[in-house]
1. Could you check, for segment A:148-167, whether at least one of its residues is under 30 Å from B:Arg48 (Cβ atoms) and not acidic (Asp, Glu)?
2. Mind checking which residues of segment B:333-357 are under 15 Å from B:Gly264 (Cβ atoms) and not in a loop (DSSP other than H, G, I, E, B)?
3. Name, by its number, the condition in (1) in a strand (DSSP E or B); (2) among the β-branched types (Val, Ile, Thr); (3) surrounded by fewer than 14 Cβ atoms within 10 Å (Cβ to Cβ) that does not hold for B:Val255.
4. Going by the structure shown, is B:Ser197 at pLDDT 90 or above, more than 22 Å from B:Ala64 (Cα to Cα) and not charged (D, E, K, R)?
5. Which helices (runs of 4 or more DSSP H) sit wholly inside segment A:84-164 and have at least 2 residues that are crowded, with 20+ Cβ neighbours inside 10 Å, within 14 Å of chain B (Cβ to nearest Cβ) and β-branched (Val, Ile, Thr)?
6. Looking only at residues in segment B:321-366 that are under 25 Å from B:Pro223 (Cβ atoms), without any contact (Cβ under 8 Å) to a residue 40 or more places away in the chain and among the β-branched types (Val, Ile, Thr), which one is surrounded by the most Cβ atoms within 10 Å (Cβ to Cβ)?
7. Read through the list (1) under 23 Å from A:Tyr100 (Cα atoms); (2) more than 17 Å from the chain's Cα centre (by Cα), then give the number of the only condition that A:Ala139 fails.
8. For segment B:321-332, state whether one or more residues are farther than 17 Å from B:Val361 by Cα, at pLDDT 90 or above and not in a strand (DSSP E or B).
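The values are calculated or read from the model by the stated rules, or taken from the named source; none is laboratory data. Since we're looking at a predicted model, the values are computed, not measured. All Cβ positions, even for glycine, are placed from backbone atoms using ideal geometry, and neighbour counts span all protein chains on display.
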Amino acid sequence: MTADLWQPVRLTIELASFTTLVLLIVGTPIAWWLARSKAWWKEAVATLVAMPLVLPPTVLGFYLLVVLGPDGPGGALASLWGARTLAFTFEGLVLGSVVYSMPFVVQPIRNAFQAIGDRPLEVAATLRASPRRAFWTVAVPLATPGFLTGAVLGFAHTVGEFGVVLMIGGNIPGKTKVLSVAIYDYVETSRWYEANILAGGMVVFAFAVVLSMMLIEKRVARAGA
Amino acid sequence: MSTPENTISVAFRGPLGRFRLDAAFTAPARGVTALFGPSGCGKTTVLRCIAGLQRLADGRCDVAGDVWQDGTSFLPPHRRPIGYVFQEASLFPHLSVRKNLLYGAPRRPDPAANGNAVGFDEVAELLGLAKLLDRSPSNLSGGERQRVAVGRALLSRPKLLLMDEPLSALDRLTKDEILPFLERLHDRLSMPILYVSHDMSEVERLADHLVLMQGGRVTASGPLAALQSDPALPLAGSRDAAVSFDATVERFDAVDGLLTLDAGGPRLLIPAAPAAPGARRRVRIAAGDVSLTLEPPRGTSILNILPAKIVSLSAVGHHEVIVVLAPEPTGPRLLARVTRRSAAALALAAGQPVHAQIKGVSLAME
């Protein structure tokens, strides 16, 4: 029974970790571009990134299913290694989670980059720092609170997703059966004890996340004063 | 003789707020050149254009023979050998003072570095930073921050130092604390400095060359003393008109505490701290402190009386006249402000020999 409970927990942590990592790698350049670009259409891109905030997860899940399925680009991608589809796989779940949690990572990083302003980067340029060096040695360290917030939110939000997982992942133990789905499953089959343990764990986890966020913000506010 | 190798020559044209920037000047590529003018006249924009932080399509920037911008090319700011000191110190808050100072320093010692380059220890000593090195910028006073910013710019081994009103965000006391450091820089380093300011007292203490700006245009450019004593320019007619020039210490009289200075001809006696012969001193003589007599005065308490010839007279307001004087036989031009009535009573006219009585001479550097 314990192993039974453990499996969705481990899978969820793996999924959230992978997703956060991918989001930091993909989201940082997007956030940088949104913060610095003067292109008139950048707010359209920002809106696209923010869409998962308001779309019902099932809508998102439906389109992801189409994209990842055998007839979509995901299926074409999967055929490269002989698979038929990306839906109902762990990789597909990571992809879906990346899209779903994108706004929670991009927005805080974008805000942090914007808060730096032009001046520190101008100073770096007058000290012979190439744009690349200025980015790594000035912009990224100064935006650290934004990265922390983004990573924590991205991780937590991925842990808490349900609708998208159900649409594109299904309920395959060890592959796509994550925490939220497992709880649903236990309730469906009247295994309240297990549901209780997992649900209680989630409450504790959520409390820890929100508390750590607040502590980060407080520390940053003090450092800035 | 001015050749491209020893001049800084720039021209920028483009929109600037409510008016157009159309500024061009040539300045020597040594000493301190001040860009002086009222707030919003475009002097900061000119400096940013020289640094490459701002790009006007219609621009040319030629520094000591290197073209940084012309019709076809534009060197990005990080490829320009400049140091830039902003109005606010703008230190990196996440780095210690030491790491701020070293941010732009070449990572490998440059074997081609000549004697002009300053080392870390020298900069720390020159700017009084030795005790601050391990502090965080947030624990520094405004004056300390600005000194770190200057040191950081110097350690990037610039060929041209750009300073954008580095003292304007500081209070009077802190200003007086930093000015001596800047004067020492001027003495110790041969690198040219472009210094933006709207405070004439800073300009008088630091500048060798002056570029006057107004409404996006350069109205005059030339050696500081020449522009100060040009009656056609607003400086000579202003309330605190003065001339400033460099003089060399000849000797110090310990009994009376008097310094004898050689001002390129005339000798000036000034009560001041002891100084070694040969030391350079920046002297300022206000127009209001100079009076004129036709005969050599006798029995006067005034120490400095120079024979001079009147170069020109021009009315200032309704009841005063500003007189430009050339000391005889030679020496830097002086200004005297006299009342219209005195000018009429003495029948002052151009070419006339007079005696200039200098009541007060102030030294910018002690």
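1. Taking every residue of segment A:148-167 in turn, none turns out to be under 30 Å from B:Arg48 (Cβ atoms) and not acidic (Asp, Glu).
2. The one that is under 15 Å from B:Gly264 (Cβ atoms) and not in a loop (DSSP other than H, G, I, E, B): B:Leu334.
3. Of (1) in a strand (DSSP E or B); (2) among the β-branched types (Val, Ile, Thr); (3) surrounded by fewer than 14 Cβ atoms within 10 Å (Cβ to Cβ), only one is false for B:Val255: (1).
4. Values: at pLDDT 90 or above: yes; more than 22 Å from B:Ala64 (Cα to Cα): yes; not charged (D, E, K, R): yes.
Yes.
5. A:119-126
6. B:Val323
7. Of (1) under 23 Å from A:Tyr100 (Cα atoms); (2) more than 17 Å from the chain's Cα centre (by Cα), only one is false for A:Ala139: (1).
8. no
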